[in-house]
Amino acid sequence: MFGYIFLLGKIGFYFDTLILSMAIMWLLGYRRKIVLIMASLLITTVVFVIFYVLIKVPLPTLFF
């Protein structure tokens, strides 16, 4: 979680959340790559829609 917080300002919300969700699922025992990728994309998309689209909260982006 400290890495997530540190990298959030560096690489942005999208990549950071993808990496975190894949890492958590891998630590919990999921080893199938397609499950990791698809679930991570779904999690990131759902969180993005909730915060950015519905609630209108700006999310950290890449440095540009």
For helix 33-48, what angle does its Cα long axis make with the longest principal axis of the chain, in degrees from 0 to 90 and rounded to 10?
20
Which percent of the accessible area of segment 1-57 is formed by carbon and sulfur heavy atoms (probe 1.4 angstrom)?
81
What helix-only [θ] at 222 nm does the chain give? Using -39500 (n - 2.57) per DSSP H run of at least 4, over all residues, to the nearest 500, the answer is -22500 deg cm²/dmol
Using alpha-carbon coordinates alone, the radius of gyration and Dmax of the chain in Å work out to 12.3, 35
Going 7 Å from the Cα of residue 54 along its beta-carbon direction, which residues of segment 3-34 have the amide nitrogen within less than 20 Å of the resulting point?
13-14, 17-18, 21
Accessible surface of residue 10 - all protein chains present, 1.4 Å probe, nearest 10 Å²:
110
Would you mind checking the tilt of helix 2-27 against the longest principal axis of the Cα atoms of the chain, expressed as 0 to 90 degrees and rounded to 10?
20
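The values are calculated or read from the model by the stated rules, or taken from the named source; none is laboratory data. On a predicted model such as this, the values are computed, not experimentally measured, just so you know. Virtual Cβ from ideal backbone geometry, glycine too; neighbours counted across all protein chains shown. Please note that ligands, DNA and RNA were not included when accessible areas were found on the heavy atoms of the full protein model with its side chains. Shrake-Rupley method; radii C 1.70, N 1.55, O 1.52, S 1.80 Å.
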